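Everything below concerns the one structure shown next.
The values are calculated or read from the model by the stated rules, or taken from the named source; none is laboratory data. In this text, all values refer to a predicted model and were calculated from it rather than measured experimentally. All Cβ positions, even for glycine, are placed from backbone atoms using ideal geometry, and neighbour counts span all protein chains on display.
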Amino acid sequence: MRGHGTSGQPERADAYTEGRRWADDLAAVIAGSGARQPVVVGWSLGAAVTTNYLEAYGDAKIAGAVYVGGVIELKPEQIVPHPDVYGAMASPDLKTHLDGAREFVALCFAKQPDADTFQRLLANAAMASEAMQNAVHRMSVDAPQGLAAMHKPLLLIYGARDALVQAAPSFNRAKALNPDVTGRFYPDSGHAPFLEEADRFNRDLSTFVEAVTRR
C-alpha cells in the first residue's frame, strides 16, 4: 500500500488522510493486473482500504472480500491505544523509529513467530514512511456507505487475542452496518491469524474463495 515497502511514498499528509486515494490505488491494482472477479483480502488497515474501495466503486468488479484483523473504523472503541508505539514509529530519529517498529511487530502476535520471520516483518515495518505514519490515523473511512455497498460475501476473521484491534467491537460494528457479514474468531491468534493459526486460516480462505467463485 502507499507509504509502505517499496510503493510510492508521497510526502503530503492528504495523500494518506483522504480515503478515496487508497480506494483508487486498489482499483488501479485490480484493473492493472487484469484480475477478473478477484477475492480481495485486506489485513488490518487493508480492510479499511477495501471499505473505501466499496464506497467509491461498489462490488461489481470483485467476487467477495475477507477482512483479517480488519480495521472497520479508526475510532477509539475499535482500536487498542498504543500512543507510545505509534509515536515512536513516526519519529524521524532512526533508533526511536526502529524500536517502535520492533514493538509494533511484537504486538501483532499472541504467539511470536520464528526469528527469521520476525526479522523480515520488522524490516518491512521499518520501511514505512514517516509521512504516512504521521497521517494515516486520520484516514477517512466511510464504513456505513462502504459496507452497505457490499452485497457479495464478506468474511471477517479476527484473532481473539488481538492486541491492536478490538476484535469483538469491530466485528459488531461491521455486523450492524451490514447484517450479511460473517465472522470467525481464532482463539489462539493475535493480529496475524494467517501466521498464528495458518492451517485453519488457509482452510477458511480456500473454502470461502471456492464458494464465492462458484456463484
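Looking across segment 118-174 at every residue that is in contact with an Asp or Glu (Cβ under 6 Å, 6 or more places away or on another chain) and part of a helix (DSSP H, G or I), the one that is modelled with the lowest pLDDT is identified as ALA131. Among the residues examined, ALA148 does not qualify as within 18 Å of TYR53 (Cβ to Cβ) and in contact with a strand residue (DSSP E or B) (Cβ under 7 Å, 6 or more places away or on another chain).
Applying a threshold of 6 Å to beta carbon distances and a minimum spacing of six or more residues, or different chains, the list of pairs starting in segment 202-215 at a residue that is modelled with pLDDT of 95 or more and ending at one that is assigned to a helix (DSSP H, G or I) and acidic (Asp, Glu) is empty. Mind checking whether some residue in segment 4-14 is assigned to a helix (DSSP H, G or I) and either surrounded by fewer than 17 Cβ atoms within 10 Å (Cβ to Cβ) or at pLDDT 95 or above (or both)? Scanning segment 4-14, I find at least one residue that is assigned to a helix (DSSP H, G or I) and either surrounded by fewer than 17 Cβ atoms within 10 Å (Cβ to Cβ) or at pLDDT 95 or above (or both), so the answer is yes. Taking residues in segment 26-45 that are under 16 Å from VAL212 (Cα atoms) and touching a residue at least 40 places away in the same chain (Cβ under 8 Å), and partners anywhere that are hydrophobic (A, V, I, L, M, F, W, C) and part of a strand (DSSP E or B), the pairs with Cβ atoms closer than 7 Å and at least 6 places apart or on different chains are VAL39/ALA65; VAL39/VAL66; VAL41/VAL66; VAL41/VAL68. Of the candidates GLY69, GLY146, the single residue that is within 14 Å of the chain's Cα centre (by Cα), within 30 Å of GLN37 (Cα to Cα) and either buried (at least 21 other Cβ atoms within 10 Å of the Cβ) or without any contact (Cβ under 8 Å) to a residue 24 or more places away in the chain (or both) is GLY69. Do we have any residue at all in segment 124-133 that's over 17 Å from the mean Cα position of the chain (by Cα) and within 27 Å of PRO187 (Cβ to Cβ)? There is no residue in segment 124-133 that is over 17 Å from the mean Cα position of the chain (by Cα) and within 27 Å of PRO187 (Cβ to Cβ). Mind checking which residues of segment 100-117 are more than 23 Å from GLN166 (Cα to Cα) and in a helix (DSSP H, G or I)? Within segment 100-117, ALA115, ASP116, THR117 meet the criteria.
Checked against (1) touching a Leu at 6+ places or on another chain (Cβ under 9 Å); (2) assigned to a helix (DSSP H, G or I), HIS97 passes all but condition (1).
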